[in-house]
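S.K.: Sharing a structure, written as structure tokens. Questions coming.
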Amino acid sequence: MRFLSITLKNVRSFRSKTIEFRDGLNIVCGPNESGKSTILESILYAVAGEIEDVSSLRRWKSEDTSIHLRYKTDTGETYTVSRTISPEMKCRLENFIILEDPETILSTLRNHFGSIQKTVLESSAIVRHNQMEILRKMDSREIVKEQMRAALTGSETSTDEVITMLQVRIDEYQESLRDMDFKIENFKANLIPYAGVDEAYESLTSKIRVYEKDVKTRQREREMHTKKLLYNSTVKDVEEIQKRLEEIEDIESYREALPLEKIKKIEELENKRRRLEDGMESLISLIKEREEELVQIRKESDEKGFFSWFTSLFGKSKEKKDREKRAFTIEEVLKGYRRDFYELERKIEDMRIEKNDYINQIPDYKGKGVEYCCKVDGEYQKRIEELLKGLTKEELVQSLLRKREDADRLRGSIFTEYPHLLDMDDSDVTNERGNLEEMISMLKQEKEDSEAKFESVEIRKHEKERIQRELRALEAQNLDIKTRNEVDQVVLDTINEIYSELKDLFIPQLEEKAGQIMQRITKGKYMRILIGREDLGIRVELPDQLIDMKLLSQGTKDQLYFSLRIGLSELLSGGRNLPLLFDESFYTSDENRLKETFEVLEEIALNTQVILFTHNEDFLKYGNPIVLSEQMTLSDSVGLSTK
Amino acid sequence: METSKGMKTVIEAFKEKMTDKIENERDEKRKEILIKALQRGTELLEGKS
């Protein structure tokens, strides 16, 4: 596997940049901020497709950002993986065909690179900054652990740290569980004095409910008894009012029947008759007087004899004429008087007949006058007023109707619930009501007694419930911790199992791969690398001895380190010979060490592509130089020939 | 543990092993524990917890 070129378009400081790589050792040199890290990040992003902040790769204000990595596989095929960041995230893999399906691209890249997880690549194919110096200071165990750490775990996390953390957590859980068991036992013990509280509570609640119901029932019964008494009283009122009204009606009919008018008429006729009779007497007197007067006049006429005969020969005398005239007048008057008299007589007779008619019509009142009738009428009126008692008759009728309605309503109500009451008389009803009063009073007292007991039981019940709630919370917490404990135990056991298997598999393979590389780059001086299974200590094998790593020279240690790193890279990539990328890895090394290091790198570069990013122009002589400059932003930079 | 795609990492192997255990588990309660363990272990190994 080797990288052929990388093209950056609008990636950070690069508007358009292509870097071409060659086999062997490539030295990418440029000052700070020239884009070395950008190229490395872009290579990593092109392969792994992941980066902490992908937007950080975009050139400021650009709308079109993309990375194109061209590489050749171990089988000789050339591919270009293109990742577009803006305007939208896209990926494409090109060979003779173009792949755009993400799953297919992922699968193909895995086929080419092995593990394409960023952390795995970083722990194997990439050597950062001063990792070399740090690793040089580590002892062998730490180197192996460090190699295994991110690579084996597959993340930044150390598996050993995870195992340690889980163990600590499990121990904490165990302690918490012990503590909690103790607390739970205490709570359970605290509940013992409250045994029976629930039953007492239920019993008292039920009792009080029964008392309440009984009291209500008895009160209702008492109410009905009261209603019955009221009903009886109302019925009596109705009867009384009815009686009064009947009497009033009777009296009114009697009043109507009073023949006052007839009696008045009789009296009137009587008075008229008397007046007429008085008149008649006067008339009789007058008639008598006139008759006497006439007689007198006639007598005077007769006494005058011869003289009057003599004078009559000479005609009537004035005196006679006057007498005759007077006599005539008196006769006329008498006629009138007699006529009047007859008239009066007739009238009196008519009146007498009429009066007798009236009297015959009212025989019971014969001899009774108007005064009598008025007196009787007055008595009737008085009686009516007594019966009305200040009301009008209409009001009394309305009162009767209301009383009847009340009685009907009361009756209906009593009949619905306690029909037997209707047949009971007042004294029995009153007696029963008295008994009910006593019963109600007794029930209320018993209810109060129960309520007093209930109060204290309720308090105890609430206390018990509080303890139970706390206990349940504790038990829930206990269960939660137990579950967590169980989960963590499963995780720990599984990780231990896997880790142990991995180590058992990994260490021998790493020994083999790294040993082969070590043998190659030391030209056979060191045959094998041995890693202790328990202590992870590294030893190298000379033909006749084993030497502990700490006894090796720094140069040999560098060789050993590179061997381990490349071996790890091959192991994790499934035997693929991935390029090694060094990012400012040797800037603290002095000249002698650098010389040794580059000798090793050159040796490695015979079989593995190495790309070294540095600011140190002195390194250019060691490999294929690729120079970056701040001025070189538009044109491609073509690598010079390797030495 | 080793495949043509390279040596498996602890995370990958853990997920595989736990998934196998879950599929083969008959007891429902135990199965729930295993599912939680898968989630927990993955989070721990990925450094998310």
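S.K.: Kindly list, by first and then second residue, each pair from a residue in region A:397-422 that is within 25 Å of A:K243 (Cβ to Cβ) to a residue that is polar (S, T, N, Q) and surrounded by 17 or more Cβ atoms within 10 Å (Cβ to Cβ), limited to pairs with Cβ atoms under 6 Å and residues at least 6 apart or on different chains.
M.R.: Short answer, once both residue conditions are applied: A:K403/A:T234; A:D406/A:T234; A:A407/A:T234.
S.K.: Does at least one position in region A:35-49 carry a residue that is basic (K, R) and open to solvent by 50 Å² or more (accessible area, probe 1.4 Å)?
M.R.: In the first step, residues of region A:35-49 are kept if they are basic (K, R); the result is A:36.
With the extra rule that they be open to solvent by 50 Å² or more (accessible area, probe 1.4 Å), the set shrinks to none.
Scanning region A:35-49, I find no residue that is basic (K, R) and open to solvent by 50 Å² or more (accessible area, probe 1.4 Å), so the answer is no.
S.K.: Considering only region A:575-604, how many residues are at pLDDT below 75, surrounded by fewer than 17 Cβ atoms within 10 Å (Cβ to Cβ) and under 20 Å from A:E511 (Cα atoms)?
M.R.: 1
S.K.: Select from region A:17-38 the residues that are part of a strand (DSSP E or B) and under 12 Å from A:V627 (Cβ atoms) and list them in ascending order. Reasoning before the result, please.
M.R.: Of region A:17-38, the ones part of a strand (DSSP E or B) are A:17-20, A:25-29.
Residues satisfying the conditions are A:I19, A:N26, A:I27, A:V28, A:C29.
S.K.: While we're here: Please list, ordered by first then second residue, the pairs with beta carbon atoms under 6 Å, 6 or more apart or interchain, first in region A:42-60 and farther than 13 Å from A:L109 by Cβ, second at pLDDT 85 or above and part of a helix (DSSP H, G or I).
M.R.: Partner pairs satisfying both residue conditions: A:I51/A:Y45.
S.K.: While we're on this one: Among the residues that make up region A:482-505, is at least one of them part of a helix (DSSP H, G or I), under 30 Å from A:D198 (Cβ atoms) and away from every other protein chain (no Cβ under 11 Å)?
M.R.: If we filter region A:482-505 for residues that are part of a helix (DSSP H, G or I), which is where we start, we get A:482-505.
Then keep just the ones that are under 30 Å from A:D198 (Cβ atoms); that gives A:482.
Keeping just the survivors that are away from every other protein chain (no Cβ under 11 Å) gives none.
Checking region A:482-505: not a single residue is part of a helix (DSSP H, G or I), under 30 Å from A:D198 (Cβ atoms) and away from every other protein chain (no Cβ under 11 Å).
S.K.: In addition: When only residues in region B:26-45 that are β-branched (V, I, T) and more than 7 Å from every other protein chain (Cβ to nearest Cβ) count, which is least open to solvent (accessible area, probe 1.4 Å)? Please lay out each step first, then the result.
M.R.: Within region B:26-45, the first condition is being β-branched (V, I, T), and the residues that meet it are B:33, B:35, B:42.
If we keep only those that are more than 7 Å from every other protein chain (Cβ to nearest Cβ) too, we end up with B:35, B:42.
Numbers: B:I35: 88, B:T42: 22 Å².
The extreme case among them is B:T42.
S.K.: In addition: Has region A:68-87 got any residue that is touching a residue at least 24 places away in the same chain (Cβ under 8 Å), open to solvent by 30 Å² or more (accessible area, probe 1.4 Å), at negative phi and among the aliphatic types (A, V, I, L, M)?
M.R.: no
Yes or no, residue by residue, for (1) open to solvent by 80 Å² or more (accessible area, probe 1.4 Å); (2) away from chain B (no Cβ under 14 Å); (3) at pLDDT 95 or above:
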position: A:Q147; (1), (2), (3): no, no, no
position: A:S158; (1), (2), (3): no, no, no
position: A:Y173; (1), (2), (3): no, no, yes
position: A:Y201; (1), (2), (3): no, yes, yes
position: A:L229; (1), (2), (3): no, yes, no
position: A:E239; (1), (2), (3): yes, yes, yes
position: A:Q242; (1), (2), (3): no, yes, yes
position: A:E247; (1), (2), (3): no, yes, yes
position: A:E252; (1), (2), (3): no, yes, no
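S.K.: Next up: Does region A:530-544 contain any residue that is within 14 Å of another protein chain (Cβ to nearest Cβ), open to solvent by 10 Å² or more (accessible area, probe 1.4 Å) and among the aliphatic types (A, V, I, L, M)?
M.R.: Step one: list which residues in region A:530-544 are within 14 Å of another protein chain (Cβ to nearest Cβ), which gives none.
The answer is no, given that none of the residues of region A:530-544 is within 14 Å of another protein chain (Cβ to nearest Cβ), open to solvent by 10 Å² or more (accessible area, probe 1.4 Å) and among the aliphatic types (A, V, I, L, M).
S.K.: Within 30 Å of A:I507 (Cβ to Cβ) and at pLDDT below 80: does that describe A:K137? If you could, list the steps in order and put the result at the bottom.
M.R.: Numbers: within 30 Å of A:I507 (Cβ to Cβ): yes; at pLDDT below 80: yes.
The answer is yes for A:K137.
S.K.: Follow-up. Is it the case that A:R346 is closer than 30 Å to A:E281 by Cβ, free of Cβ contacts under 8 Å to residues at least 24 places away in the same chain, open to solvent by 40 Å² or more (accessible area, probe 1.4 Å) and in a helix (DSSP H, G or I)? Break it down into steps so the answer makes sense when it comes.
M.R.: On the way: closer than 30 Å to A:E281 by Cβ: yes; free of Cβ contacts under 8 Å to residues at least 24 places away in the same chain: yes; open to solvent by 40 Å² or more (accessible area, probe 1.4 Å): yes; in a helix (DSSP H, G or I): yes.
Judged against the criteria, A:R346 is a match.
S.K.: Let me ask you something else. Just wondering, is there one or more residues in region A:454-471 that are assigned to a helix (DSSP H, G or I) and within 14 Å of chain B (Cβ to nearest Cβ)?
M.R.: First, the residues of region A:454-471 that are assigned to a helix (DSSP H, G or I): A:454-471.
Narrowing further to those that are within 14 Å of chain B (Cβ to nearest Cβ): none.
No, there is no match, as no residue in region A:454-471 is assigned to a helix (DSSP H, G or I) and within 14 Å of chain B (Cβ to nearest Cβ).
S.K.: Considering only residues of region B:10-25 that are facing chain A (nearest Cβ under 9 Å) and touching a residue at least 12 places away in the same chain (Cβ under 8 Å), which is nearest to A:F506 (Cα to Cα)?
M.R.: B:V10
S.K.: Here is a follow-up. Spot the failing condition for A:L572; the list is (1) closer than 25 Å to A:G24 by Cβ; (2) in contact (Cβ under 8 Å) with a residue 40 or more places away in the chain; (3) exposed (fewer than 15 other Cβ atoms within 10 Å of the Cβ), and only one is missed.
M.R.: Looking at each condition in turn, A:L572 falls short on (3).
The values are calculated or read from the model by the stated rules, or taken from the named source; none is laboratory data. Everything numeric here is computed off the predicted structure, so don't read it as measured data. Neighbour counts are summed over all protein chains in view; Cβ atoms, including those assigned to glycine, are modelled from backbone coordinates with ideal geometry. Calculation scope for accessible area: heavy atoms of the full protein, side chains included, ligands and nucleic acids excluded. Shrake-Rupley method; radii C 1.70, N 1.55, O 1.52, S 1.80 Å.
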